[in-house]
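Just so it is clear, none of the values below were taken in a lab; they were calculated from the coordinates. Just so we're clear, the structure is a prediction, and the values are computed from it rather than from any experiment. Here Cβ is always computed from backbone atoms with ideal geometry, including for glycine, and neighbour counts include all displayed protein chains.
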Amino acid sequence: MKRAILAIATSIALSSAAFAADAVDTVPAAAPAPVAPAYDWTGFFIGIQGGYEWRDDDLQDTGFGPPPIGTTFDFDGAVLGIHAGYNQQYGNFVLGVIGDFEWADGSGVSGPFGPGADVFGRAEANWTGSVRARLGYTFNNWMVFATGGGAVGDFDFDYASPTPTFGVGDQFSDTMWGWTAGGGVAVMFNQNWSGFAEYRYTDYGSASSTIIVCCGVPPPNNQTHDITSNALRVGLSRKF
């Protein structure tokens, strides 16, 4: 009888162990932790941008001298426009091209300069644009970048003496070509929308025109304007 009871107890114990092992094997595995989305900058994009441009006009009058008389004055103002481009991502690096076109505000008049301090200059911005390369480095949804390329701007100029009475005959307009370079930071809000903030220095080159009316000095003396700027911009882009 003791042997029979021991055999039955042993059988029950072995069956319980086997059932427990089967139960452990059939417990479903825990779901994997969600993976943060990978942000991909590759694709075409368009957007809007705006900011403020601090411009300098280095004005020279070749009718006096040598050396020619001259002065530097500001004609700062806001910019607002559109941009479009394409990015291609290679690992953490992003290589792209971008172009923009902006309406530009701002005009300025120089203080009197020259012999007797009776000469004045004037400048006004109409529009600006650029076509640039952009190289960035990404981490998560952020990108820091450097940018540089060609720049263009359209400006109005004037010259007057002995009082700042402009529009008499020595005004002219010119579309100037130069270069621009800078850098900034961009962030992807999701796979389609991103924003950026950037700084750029721009040299628009030089524009010249013959002085005919002002000063009573016969041609061929010229007014020459060298335009440079420092600008801060922010923008919003839609990627496709």
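Of note:
- Pairwise label distance in nanometres, Phe172 with Asn192, each label 7 Å out on the Cα-Cβ vector: 5.0
- For the stretch 154-240, the Kirkwood estimate of the hydrodynamic radius, built from every pair of different alpha carbons, is 16.2 Å.
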